[in-house]
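Below is one structure; the comments refer to it alone.
The values are calculated or read from the model by the stated rules, or taken from the named source; none is laboratory data. No experiment lies behind these values; they were computed from the predicted model shown. Here Cβ is always computed from backbone atoms with ideal geometry, including for glycine, and neighbour counts include all displayed protein chains. When the accessible area is computed, the model is the full protein with side chains, heavy atoms only, and any ligands, DNA or RNA have been set aside. Shrake-Rupley method; radii C 1.70, N 1.55, O 1.52, S 1.80 Å.
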Amino acid sequence: GAPTMTTRPPYIPRWKGSLGAQHVHGLGSAGSLTGRVDWSYQSLVYFDLANTPEGAQSGYGLVNGRLQWDDANSKWSIALEVRNAANKLYYSFKTPTLNGDGTLFNVTGTPGMPRTEFVTLTRKF
């Protein structure tokens, strides 16, 4: 028969999804304001074939927000944006290193982006 996997494949969460909501509020001759909130979720993921706890990232959710003003002619806009609004600490990659006897030596990893704010000014010609 075919071989059976005894561990979960690395880099593949069981669940991954996102939700977003946006609302545009007209300001008449002053243009419009657009507010947007996005939430994304990823369940537990392993970064190593052995599925060690040290080589895993538990499930986490991230919240992003954006507020944008557009002028009435849609030529100018300015947006304020925040990503990872809750400043969630998560890792996009981890590598556990084991000793010869299988005990943990150390773990290195790449953390995801912390809370980051942006301001964007746009002019359309």
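Extending 7 Å from Cα along the Cβ direction at L19 and again at V107 yields two label points whose distance is 2.9 nm. Overall, the accessible surface of the chain at a probe of 1.4 angstrom is composed of carbon and sulfur to the extent of 60 percent.
Relative protection proxy for 115-123, 33-41, from highest mean packing down: 33-41, 115-123 (other beta-carbon atoms within 10 angstrom). Solvent-accessible area per residue in the chain equals 69 Å², computed with a 1.4 angstrom probe and all protein chains kept. For region 49-121, the share of alpha carbon pairs falling in successive 5 Å distance bins from zero is 3, 13, 17, 13, 11, 10, 9, 7, 6, 4, 3, 2, 1, 0 percent. Computed over the Cα atoms of the chain, the ratio of the radius of gyration to the Kirkwood radius (Rg/Rh) comes to 1.20. Here the label points at V82 and N99, each 7 Å from Cα along the C-beta direction, are separated by 4.5 nm in the simple model.
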